[in-house]
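Participant: Dropping a structure here in structure tokens format, bear with me for questions.
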Amino acid sequence: MQDKDATYSAGQGGTDTAEVTLEEFCGALAARDMAGLWSRPPMPAHPMAHTRAHLWRWDTVAPLARQAGRVLDVDEGAAQRRALQFCNPGLRIGTTEALFGAYQYLDPGEVAPAHRHSPSAIRFMMTGQNVFTTVDGDACWMEPGDFVLTPSGTWHDHTNQSNEPAIWLDVIDVVMVATLESIFFEDHPVGMQEVAGFSSSEEQFGSAGLHPVAGSKWSKPYSPLLRYPYSQVDPTLSNLLARTEDPSATVEYTNPLTGGPAIPTLTCQMTRIRPGARTRLRRQTGGQIHTVFRGRGRSIIGGTEFTWGPGDVFVVPSWVPVEHEAEETADLFVASDRAALEALHLYRESEADERQQVTGTFEPATAPAPDEAVPAVGPRK
């Protein structure tokens, strides 16, 4: 590249009319809302994540969620939801570069009105009972550990019929959709949907490998199965670990008709780690939101140690190495934008037997917690 002080001739028809420096030329481009590629930083050799590895503790967030039940009505505000979002300190907005995670709270006997939007969302139940999310008329029960879809464009509302509070994890691809300037939102015209049935999708598509031939046409891009109960995930993970000596086993929530992701933009999985076991070092593109459903342990993320227990939420940034180690049998629910990256042929992953050197320990932000009980997380006894 020539020196920035070199001069260039500019003119028409081969006639020189002026001489400008490269710096002056770049200024002329900027004045016309343009820039030269040479003025930009070079492409990195691998992803350079702005997302930070971070962790939010259940015993900090859950009391705040319950306090929110006293200070905020569920139908206040444009979102009509009492959701506490996990804001990554490395990002302007989002829990990862594409996703927002949150804990949503619903009081006993309370309902959250129906709406629909172009971003897709999932629910993973943490604590509570006799709670259901209605998706396009199908009321889907949510027991602890259950996974429920609310795909793009579907009407959805939430109902707590019990005498105890409910808290569940929301993961929504709203950051990705906002970046693409494609958000649409609509309130339900009468507030709540009419319930057409309970667990209808499970009755038709809930049996592994068995689906009706007649009347089973499905043209929508998401899974026809809306609820994936933990009561099926739990024994599946146990059976997988019984057949191997690997430190962990993972299942993915998939579309039963295609075998692809349950929602086109999101990959959701459950990983079970043996007591005392440590997983291999792993990297993958796309940020990952991990939610601890049961068990205690630690993760080494980019050389920093994160200790975790039931209900804790932590983030692994894109292409940052991670290893997990469990003190007791641990179930980690993991949501990421892997499905979107795979559709764009941008997904990569790698594993290695090496171990990271621990260079620091994560200390979560602390503040006086509200005087609220912390509900238990994990499988019901």
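Participant: Which ones in segment 21-51 are assigned to a helix (DSSP H, G or I) and of a type in the set (S, T, N, Q)?
Facilitator: Correct list: 39 only.
Participant: Can you tell me which of (1) farther than 30 Å from residue 87 by Cβ; (2) open to solvent by less than 20 Å² (accessible area, probe 1.4 Å); (3) touching a helix residue (DSSP H, G or I) at 6+ places or on another chain (Cβ under 9 Å) is the one residue 272 doesn't meet?
Facilitator: Going through the list (1) farther than 30 Å from residue 87 by Cβ; (2) open to solvent by less than 20 Å² (accessible area, probe 1.4 Å); (3) touching a helix residue (DSSP H, G or I) at 6+ places or on another chain (Cβ under 9 Å), residue 272 breaks only (1).
Participant: For the structure I just gave you, tell me whether residue 172 is modelled with pLDDT of 95 or more, surrounded by 10 or more Cβ atoms within 10 Å (Cβ to Cβ) and in contact with a helix residue (DSSP H, G or I) (Cβ under 7 Å, 6 or more places away or on another chain).
Facilitator: Here the answer is no, as residue 172 does not meet what is asked.
Participant: Which residues, counting only those in segment 62-111, are in a strand (DSSP E or B) and in contact with a Ser or Thr (Cβ under 6 Å, 6 or more places away or on another chain)?
Facilitator: Scanning segment 62-111 gives 101, 111.
Participant: Separate question: Looking only at segment 238-256, decide whether some residue is under 21 Å from the mean Cα position of the chain (by Cα), under 27 Å from residue 182 (Cα atoms) and open to solvent by less than 30 Å² (accessible area, probe 1.4 Å).
Facilitator: Scanning segment 238-256, I find at least one residue that is under 21 Å from the mean Cα position of the chain (by Cα), under 27 Å from residue 182 (Cα atoms) and open to solvent by less than 30 Å² (accessible area, probe 1.4 Å), so the answer is yes.
Participant: Can you give me the number of residues within segment 52-69 that are within 21 Å of residue 320 (Cβ to Cβ) and either open to solvent by 10 Å² or more (accessible area, probe 1.4 Å) or among the small types (Gly, Ala, Ser) (or both)?
Facilitator: 5
Participant: Those residues that are exposed (fewer than 12 other Cβ atoms within 10 Å of the Cβ), touching a helix residue (DSSP H, G or I) at 6+ places or on another chain (Cβ under 9 Å) and among the small types (Gly, Ala, Ser), I need them from segment 183-230; list them, please.
Facilitator: The answer is 197, 208, 215, 216.
Participant: Just name the residue that is farthest from the chain's Cα centre (by Cα) out of those in segment 81-92 that are at pLDDT 95 or above and open to solvent by less than 10 Å² (accessible area, probe 1.4 Å).
Facilitator: Step by step, filter segment 81-92, then rank; the result is 88.
Participant: Another question, if that's okay. Take residue 95 and decide whether it is of a type in the set (Ser, Thr, Tyr), closer than 22 Å to residue 202 by Cβ and open to solvent by less than 10 Å² (accessible area, probe 1.4 Å).
Facilitator: Answer is no for this residue.
Participant: Give segment 275-307 a look and list any residue that's open to solvent by less than 30 Å² (accessible area, probe 1.4 Å) and within 20 Å of residue 147 (Cβ to Cβ), or say none.
Facilitator: Within segment 275-307, 286, 287, 288, 289, 290, 291, 292, 293, 295 qualify.
Participant: Could you list, in sequence order, the residues of segment 308-320 that are of a type in the set (Phe, Trp, Tyr) and either at pLDDT below 95 or surrounded by 23 or more Cβ atoms within 10 Å (Cβ to Cβ) (or both)?
Facilitator: Across segment 308-320, the qualifying residues are 308, 314.
Participant: Ok, one more. Out of (1) open to solvent by 40 Å² or more (accessible area, probe 1.4 Å); (2) touching a strand residue (DSSP E or B) at 6+ places or on another chain (Cβ under 7 Å), what's the single condition that is false for residue 158?
Facilitator: (1)
Participant: Kindly provide the set of residues from segment 323-335 that are under 20 Å from the mean Cα position of the chain (by Cα) and either surrounded by fewer than 22 Cβ atoms within 10 Å (Cβ to Cβ) or on the phi > 0 side of the Ramachandran plot (or both), ordered by number.
Facilitator: Within segment 323-335, 323, 334 meet the criteria.
Participant: If you don't mind, there's one more thing I want to ask. Pick from 171, 190: which is aliphatic (A, V, I, L, M) and closer than 23 Å to residue 128 by Cβ?
Facilitator: Exactly one residue qualifies, and that residue is 171.
The values are calculated or read from the model by the stated rules, or taken from the named source; none is laboratory data. From a predicted model like this one, the values you see are computed outputs, not experimental measurements. Reconstructed Cβ throughout: ideal geometry from the backbone, glycine too, with neighbour counts over all protein chains shown. Accessible surface areas use protein heavy atoms only, side chains included; no ligands, DNA or RNA. Shrake-Rupley method; radii C 1.70, N 1.55, O 1.52, S 1.80 Å.
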